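These notes are about the structure you will find just below.
The values are calculated or read from the model by the stated rules, or taken from the named source; none is laboratory data. Note that the coordinates shown come from a computational prediction; the quantities given were computed from them, not determined experimentally. With ideal geometry, Cβ positions are generated from the backbone for all residues, glycine too; neighbour counts draw on all protein chains shown. Heads up: the accessible areas ignore ligands, DNA and RNA and are worked out on the full protein's heavy atoms, side chains in. Shrake-Rupley method; radii C 1.70, N 1.55, O 1.52, S 1.80 Å.
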Amino acid sequence: ILAKTGKVTVSAAKAVIDHKDFVGKYQLTGSRKLSLLEESLVPKLEDWYIIPDQVVNICKHAQITTGKPMQMRNFLLRGPAGTGKTMGAQAIAAGLHLPYTLMTCSANTEISDLVGQFIPDTGDVMEQCNFGGKLPKISDIIMHPPSVYEELTGIYDDDKTEDDVLSKLIEIAVGRLAQKEEQHGQRIRYVDTPLLEAIRHGYVCELQEPSCIANPGVLVGLNSLLDNCQSITPPTGERVQRHPDAVIIVTTNSDYAGCRDVNQSVISRMDLIYDIESPDIATMVKRVMNVTGCKDEQETTKMAMVVQDIASRCRQTMISDGSCGMRELKAWVLSTMITKDPYESALSTVIASASADPENRADLITTCLEKQYMR
């Protein structure tokens, strides 16, 4: 990238992978047919999305090792926020033509949150309402509301209308449910998490930000699932065997506040590990122009250069209380399309996101923003 006399020359972006040559081209089992519901869970890639090489490589490894003694089904994507890790996980599911599920971890995540848990069983609402008989038919309510009202309440009143009957039905239903909740010995039932659902049925599950989990031993509980034995026991005591198509994609960033290193025993069970870095200027520009609809490549390139400078300056000066990457660039471009003032929009997007400290922001304005945009 060269800047001369105010003009920016951008090196050509590398060849873009055509969606038609990728989507559904890496199916693991050619004979597998998805249900209509499963088909609806297969991600659809936006036209603007540029497929990274790492995504293609993961799909190739998963497909080629299918049926072998050691299938490659565990993958880790690391990188700063906004570099496309989650979009990459969804693209992998699209390439494999598999449903996509997602679990986002937090500091309080426990192993039970990952493999399934028991929740109160509310059962069927109408069943629990228990009107003492079958529900009245709509036709009966329309034909003679007073008679239906009498069945519900024991009171006959010629003035009662359809609305009165419906109101009474709702009142009874709410009362029965409230009474049910007050009873002791509430039934509970077990539900699968998105992770266990993927394991059972052979989906792609993104396990997002496990590095945020406060207890470092939580992910170790998944080791049996990631190992060759490929099974796990949820709270019900059932032994769930991992479906041969089930793919786990861990996406994480260890550089931000609240993040920790992923346990080494989990790292060692990842088949491929990719560090997803911020894309080069040419790729940033193309992505942002595609997703925002901006047509000014010259201006978008200048803005991408500022974002790269801000990210570099933050690393050099240990500014770590914010973020500046692709998401912030998209927001800046969109705002500028509205305000027509890149400098003003930068203050409330890329500069504001980079740090909450006024002195840090002033430094970034002077050293980065005003290299391209002067006030």
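For the reader, a short list of remarks on this structure follows.
- Where labels lie 7 Å past Cα in the beta-carbon direction, separation of SER268 and ASP321 in nm: 4.0 nm
- Restraint check, LYS137/LYS160; LYS25/LYS295; LYS20/LYS330; LYS20/LYS302, Cα-Cα greater than 28 Å: LYS25/LYS295; LYS20/LYS302
- Calculated accessible area for the stretch 247-375 comes out at 49 Å² per residue, all protein chains present (probe 1.4 Å; ligands, DNA, RNA ignored).
- Each part gets one Cα centre, and for the stretch 288-323 versus the stretch 11-80 those centres are 28 Å apart.
- Built amide H within the under 5 Å cut-off of THR101, gap 5+: VAL204, CYS205, GLU206
- Mean projected area in nm² (Cα convex hull; one quarter of hull surface) for the stretch 32-116: 7.7 nm²
- With θ taken as phi - 60° and the Karplus curve 6.51 cos²θ - 1.76 cosθ + 1.60 applied, the whole-hertz 3J(HN,Hα) list for the stretch 356-371 is 8, 8, x, 5, 5, 5, 4, 5, 5, 4, 5, 8, 10, 5, 7, 5 Hz, x standing for glycine and proline.
- Phi to ³J(HN,Hα) by Karplus 6.51 cos²θ - 1.76 cosθ + 1.60 over the stretch 270-286, Hz, x for Gly, Pro: 7, 6, 9, 10, 10, 8, 8, 8, 4, x, 5, 4, 4, 5, 4, 4, 5
- With the simple spin-label model, which puts each label point 7 Å out from Cα in the Cβ direction, the THR236 to LYS20 separation comes to 4.5 nm.
- Packing-based ranking, highest mean first, of 194-207, 145-158, 50-63 given that Cβ atoms within 10 Å are counted: 194-207, 50-63, 145-158
- The stretch 280-340, accessible surface, carbon-and-sulfur percent (1.4 angstrom probe): 51 percent
- Calculated SAXS-style log₁₀ I(q)/I(0) at q = 0.10, 0.15, 0.19 Å⁻¹ - the stretch 222-375, Debye, Cα scatterers: -0.52, -0.82, -1.09
- Förster-model FRET efficiency, 56 Å R0, GLU39 and GLU359, C-beta, rounded to 0.05: 0.60
- Relative protection proxy for 245-253, 35-43, from highest mean packing down: 245-253, 35-43 (other beta-carbon atoms within 10 angstrom).
- Here the spin labels are modelled as points 7 Å beyond Cα on the Cα-Cβ line, and at THR339 and SER31 they lie 6.1 nm apart.
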